[in-house]
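> One structure, as structure tokens, below. Some questions next.
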Amino acid sequence: MGKRIVVIEGEDAAPEAMRPTLELLDHLDLGLEWLRPEVTDFEACRRAIDGSDASFFGATSGRSAGVIFYLRWGKQTFANVRPIRWFPGCASPLRDPAGIDFVIVRENLEDLYVCAEGDLEELRSSGLRSSTAGRELADLAPGAFAVKVITEAASERVVRFSFELARQRRAAGHRGKVTCSSKYNMLPKSDGLFLKVARRVAADYPEIDFESFIVDDFARRVVATPQDLDVVVLPNLYGDILSDAAAGVIGGLGLAPSGCYGEDYAYFESAHGTAPDIAGKNVINPTATILSAVLMLEHLGFADAAAGLRDAVEAVYADGAALTPDQGGSASTTSFCDAVAARI
Ligand code: ATP
């Protein structure tokens, strides 16, 4: 049966990666129907999203921001899944990137992204104290604060999602391990709660190994021993930052796909932003976008087509003749996509 997919191309260089990716998907002839609401018409976008099977999103620098807020908070897509996998031909800066194959699961809805900020003076009546400065926060004014929110329920659902993913990956031959990280030594209540929940959930999955690291130590491990990782679960901010760092380890932002999953909806977008500095040049690496489409096809039940598209991308990298400038090549975005199409 055909699937209905909302397409939001995004801004700056994002449409240059999205358009040829959509052509590749059309080439697969899966009966996918593209819904293209006007991004500035929020009601039209909301209706289209509510009536669709998934959304496919280019990055936004602001114009489509209302849509992304609805896709994330409106549809409660709480798990941002960011696979980090090196394959031959990707321009990793590491001496030996072979075997890097892990998934970062970033909590997608809370933490500092509740975006509640204010002036320190506003905390005067609360009496809230800094345990390190040993004074009331308001006494540190003038200045500003931001609130970090970690709830038990949101932590539990993203941790459970991660263990289920580790279980699936284990069945497919992966190690079967979940790594949790946060700054639980400095923030025992908030980041500590995330870890506490992870430890509790881990007990329900005895066949999955569990480990935890303080986030600064974990950042070093991402660079020094990435092959040791399988599934990584992180609160929102650390997940945002460290998934870009992890993309750097395999060869850059142009390679990193992502999917955001809720209980009953999912949308897919590359992990990178709109790359405004290369807009209009037809050189953006569409790999992250194409691999996001692969995640979307898997989600929609087109496993064979997804595998075929992924294999075609990998074949282009193995060949090396049609890579974009970020991977050390001189091919345009469209000629990279033509090379992928030729291998499907
Ligand atoms: P955001 O805050 O939305 O994540 P940003 O401005 O921090 O966006 P990006 O838009 O991801 O960051 O770009 C960061 C750098 O990486 C830019 O120099 C950009 O050109 C480069 N870049 C990002 N994505 C790609 C890509 N797919 N191909 C080539 N270069 C890319």
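The values are calculated or read from the model by the stated rules, or taken from the named source; none is laboratory data. As the structure is a prediction and not an experimental result, all values here were calculated from the model. Here Cβ is always computed from backbone atoms with ideal geometry, including for glycine, and neighbour counts include all displayed protein chains. Accessible surface areas use protein heavy atoms only, side chains included; no ligands, DNA or RNA. Shrake-Rupley method; radii C 1.70, N 1.55, O 1.52, S 1.80 Å.
> Among Arg175, Arg129, Arg170, which is the only one that is under 29 Å from Val249 (Cα atoms), open to solvent by 50 Å² or more (accessible area, probe 1.4 Å) and either touching a strand residue (DSSP E or B) at 6+ places or on another chain (Cβ under 8 Å) or not basic (Lys, Arg) (or both)?
Numbers: Arg129 fails: under 29 Å from Val249 (Cα atoms); Arg170 fails: either touching a strand residue (DSSP E or B) at 6+ places or on another chain (Cβ under 8 Å) or not basic (Lys, Arg) (or both).
Exactly one of Arg175, Arg129, Arg170 is under 29 Å from Val249 (Cα atoms), open to solvent by 50 Å² or more (accessible area, probe 1.4 Å) and either touching a strand residue (DSSP E or B) at 6+ places or on another chain (Cβ under 8 Å) or not basic (Lys, Arg) (or both), namely Arg175.
> Need at least 1 residues that are open to solvent by 10 Å² or more (accessible area, probe 1.4 Å) and β-branched (Val, Ile, Thr) per element, so show me which helices (runs of 4 or more DSSP H) inside segment 1-104 make the cut, counting only ones lying wholly within it.
In segment 1-104, the matching helices (runs of 4 or more DSSP H) lie at 65-69.
> Of everything in segment 226-259 that's over 19 Å from Ile68 (Cβ atoms) and free of Cβ contacts under 8 Å to residues at least 40 places away in the same chain, which residue is most open to solvent (accessible area, probe 1.4 Å)?
Out of the qualifying residues, it is Asp228.
> I need every pair where a residue in segment 88-103 that is in contact (Cβ under 8 Å) with a residue 12 or more places away in the chain has its Cβ under 6 Å from the Cβ of a residue that is polar (S, T, N, Q), sequence separation at least 6 or different chains.
Listed by first residue and then by second, the contacts come to Ala91/Gln327; Gly99/Gln227; Ile100/Gln227.
> All but one of (1) within 16 Å of the ligand (Cβ to nearest atom); (2) surrounded by fewer than 19 Cβ atoms within 10 Å (Cβ to Cβ); (3) aliphatic (A, V, I, L, M) hold for Val223; state the number of the condition that does not hold.
That leaves (1) as the condition not met.
> Being assigned to a helix (DSSP H, G or I), charged (D, E, K, R) and out of contact with any Phe, Trp or Tyr (no Cβ under 9 Å at 6 or more places or on another chain): is that true of Asp216 here?
Yes, satisfied.
> So, Tyr317, is that one assigned by TED's automatic domain parsing to the domain that holds Phe56 and at pLDDT 95 or above or not?
yes
> Within 12 Å of the ligand (Cβ to nearest atom) and at pLDDT 95 or above: which single residue out of Gly308, Gly248 fits that description?
Unique residue meeting the criteria: Gly248.
> Does Phe336 meet the test of being closer than 24 Å to Arg4 by Cβ and either crowded, with 19+ Cβ neighbours inside 10 Å or at pLDDT 95 or above (or both)?
no
> With the structure loaded, tell me whether Val201 is hydrophobic (A, V, I, L, M, F, W, C), more than 13 Å from Tyr238 (Cβ to Cβ), in a helix (DSSP H, G or I) and in contact (Cβ under 8 Å) with a residue 40 or more places away in the chain or whether it fails that test.
It is true that Val201 is hydrophobic (A, V, I, L, M, F, W, C), more than 13 Å from Tyr238 (Cβ to Cβ), in a helix (DSSP H, G or I) and in contact (Cβ under 8 Å) with a residue 40 or more places away in the chain.
> Return a yes/no flag: does segment 282-291 have any residue that is hydroxyl-bearing (Ser, Thr, Tyr) and near the ligand (Cβ under 8 Å from one of its atoms). Don't jump to the end; show me each part of the working.
Our first condition is that a residue be hydroxyl-bearing (Ser, Thr, Tyr); within segment 282-291, this holds for 287, 289.
Retained after the next criterion (residues that are near the ligand (Cβ under 8 Å from one of its atoms)): 287, 289.
Yes: segment 282-291 contains one or more residues that are hydroxyl-bearing (Ser, Thr, Tyr) and near the ligand (Cβ under 8 Å from one of its atoms).
> Condition test on Tyr267, is it closer than 20 Å to Glu164 by Cα, in contact with a Ser or Thr (Cβ under 9 Å, 6 or more places away or on another chain) and open to solvent by 20 Å² or more (accessible area, probe 1.4 Å)?
The answer is no for Tyr267.
> Looking at Gly62, Gly66, Gly2, which one is of a type outside the set (A, V, I, L, M, F, W, C), within 16 Å of the ligand (Cβ to nearest atom), farther than 27 Å from Val283 by Cα and modelled with pLDDT under 95?
Criteria check complete, one pass: Gly66.
> Now for a different question. Only one of (1) of a type outside the set (Phe, Trp, Tyr); (2) open to solvent by 50 Å² or more (accessible area, probe 1.4 Å); (3) touching a Cys at 6+ places or on another chain (Cβ under 9 Å) fails for Ser162. Which number is that?
(2)
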